[in-house]
Amino acid sequence: MLLVVAGPTAVGKTALCVRLAQHFGTEIVSADSRQFFREMSIGTAKPTPAEMDGVPHHFVDSHSVAEEYSAGRFAADALATLDALFQTHPVVILTGGSGLYVQAVTDGLDELPGVLPEVRAQLQAELGAHGLGPLVAELAATDPVAHARIDPQNPQRVLRALEITRGTGRPFSSYHTHDTAARDAARPFRVVKVALTRERNVLYERINQRVDNMLADGLLAEVTGLLPQRARPALQTVGYQEIFGFLDGEYDWDEAVRLLQRNTRRYAKRQLTWLRRDAAYQWVELG
């Protein structure tokens, strides 16, 4: 059985999954698309060795930000890892806040058409010249369904949607069937999905506290060290973009902290919205 434990950032997935793994005598496969990267630890709230408490975690620190790592590639790698783990463990835990990456493992992904190189090059040029704002506005106008689902602060996801829309003349969202029977998603294991939540005010307090902890742990130094890599897709994310803005002189430190807390709360809301689309999740409110 694959036990999926999902939920928004700061809800408490790591602590619970470690306890579950110890109970079942098993291991954890991480589906957090930001914790794959070795160079990103503080800004991703990566679990420390103490927090892992001896439980093996797969796909934490498994890649470099210099590598592009898609949901499809992760699914192939994770399924191979699960195949090996199920040889000796009747239960394995899959956890993380990246809904697309969890879905890729449990249900497969919709087939998408190829991308024309000239379309990709044009979008990259527009991103470099004018920033992400106009591209997000284009996505909202041409595909409001995709716009509602995609993190508007994630250039990789926004560009991917526009690559398909511009290249085919069809909205990106029209290729998403949400029909697992239509996907090549036969899995040789049972999947049980659990989604964690907390009272909103409590969750937001935990998010604000997590941000404070990140700053105390040296987030500014971590992001400063990543300045030469800032154009990498992995770094186009909450926790890094706000500090880059501060380092660029766009706003002062207090504003950077405010934006970091606000954007993390918004990210949590998007995570919850994604999870609620999947009726297979059993919801558990932590208290």
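Just so it is clear, none of the values below were taken in a lab; they were calculated from the coordinates. These numbers come from a predicted model, not from an experiment. Here the Cβ is made from the backbone with ideal geometry for all residues, glycine too, and neighbour counts use every protein chain on show.
Label points 7 Å out from Cα along the Cβ direction at Asp53 and Asp248: separation in nm?
4.2 nm
Given R₀ = 22 Å, what would the calculated FRET efficiency be for Gln122 paired with His176, taking r from the Cβ atoms and rounding to 0.05?
0.40
What nm value, rounded to one decimal, do you get for the distance between Phe24 and Asn201 when each label is placed 7 Å out toward the C-beta?
3.5 nm
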